[in-house]
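What follows is calculated from the coordinates using simple rules that are stated; it is not laboratory data. These numbers come from a predicted model, not from an experiment. Don't worry about glycine lacking a Cβ; one is built from the backbone with ideal geometry, like all the others, and counts go over all protein chains shown.
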Amino acid sequence: MNARYPGADYCRTGNKFGGLRIPELSPEVAYRYLQSGVAANVLVGGDLEIDTSTANLEFPNGQADGQVHVQIADYTDGLYKASANEFAALWMFSLQPGPIRVDGQIGLKIRMPALYGSHEYVPPTGTRVLLLGLDDSNGLIEPIGVGRIDGLTVTSEGSLQPSRLDYLGYQFIADEFQDLAESYTNGDIGLDALRQGILGQ
């Protein structure tokens, strides 16, 4: 993996996560309104933006909208587990209450955080990353699409149809997989082919 970026070499280290646990919600984080059919659901002070203009959400109570609590979950918390080390994000946004199911296509914008007070680690504009979410079939973190870095923001590109919104994040990928990610955004390959290509299957 390309070790210039945090997380790029982490994928190969063999680290494993513990079992999935319920997160402890920080009382310092305010709830925000999330709804279906809206171009910009702005959450966490703008760190996370979800476009649901072509998607319907279903909250645990069956409603299409509701209040959500969004905070950062670190991998060391053991709150989520990836299906493969290549998809093991160092942190993800945790959205509660869950599950928040999705019918349709969404868009994402994620503001990249500082690392040790600096953004020097951020790859150049145009670099593509994997977008990750919780898979409804196995309860593990899996790729849900591709994002493109623009400055300090990751913006989704191409098809993005997660089954649920409980956990959302991104993972850097090696330079050798950039063309593969671009093929996905162009619609030339599907999510399974993207996943298998990164895993070398």
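Which distance in nm do the two modelled labels at Ala114 and Gln196 give, with both placed 7 Å along the Cα-to-Cβ direction?
4.4 nm
In which sequence would Ser156, Ser53 go, from the one with the fewest C-beta neighbours within 10 Å to the one with the most? Before the final figure, lay out each step's value.
Numbers: Ser156 22, Ser53 14.
With the fewest neighbours first, Ser156, Ser53 line up as Ser53, Ser156.
Would you mind giving the average projected area, over all directions, of the Cα convex hull of the chain in nm² with one decimal?
Numbers: hull surface 43.0 nm².
Directional mean of the projected Cα hull area for the chain stands at 10.8 nm².
So, by mean Cβ neighbours within 10 angstrom, what's the order for 168-175, 114-121 with the highest one leading?
168-175, 114-121
For segment 129-201, what does the alpha-carbon gyration tensor say about shape, rounded, prolate or oblate, given a ≥ b ≥ c as the root eigenvalues, a/c under 1.5 as rounded, and a/b over b/c as prolate?
Details: a/c = 1.60, a/b = 1.17, b/c = 1.36.
Oblate shape, in that a/c is at least 1.5 and b/c is the bigger or equal ratio.
Report the relative contact order of the chain, percent, no decimals, based on alpha-carbon pairs under 8 angstrom and at least 6 residues apart.
Details: 454 pairs, mean separation 42.1, N = 201.
In percent, rounded to a whole number, it is 21.
Mind ranking 89-96, 68-75 by how tightly packed they are, going by the mean number of other C-beta atoms within 10 angstrom, highest first?
Numbers: 89-96: 21.4, 68-75: 18.5.
Result, highest mean first: 89-96, 68-75.
How large is the charge dipole for the chain, taken about the Cα centre, if only the Cβ atoms of Lys, Arg (+1) and Asp, Glu (-1) carry charge, to the nearest 20 debye? Mind dumping the intermediate values first?
Numbers: 13 positive and 25 negative charges, 56 e Å.
For this selection, approximately 260 debye.
Given the rule -39500 (n - 2.57) for each run of at least 4 DSSP H residues, summed and divided by the residues of the chain, what is its mean residue ellipticity at 222 nm, to the nearest 500 deg cm²/dmol? Spell out each step's value before the answer.
On the way: 2 runs with 17 residues, N = 201.
Calculated from helices alone, the mean residue ellipticity at 222 nm is -2500 deg cm²/dmol.
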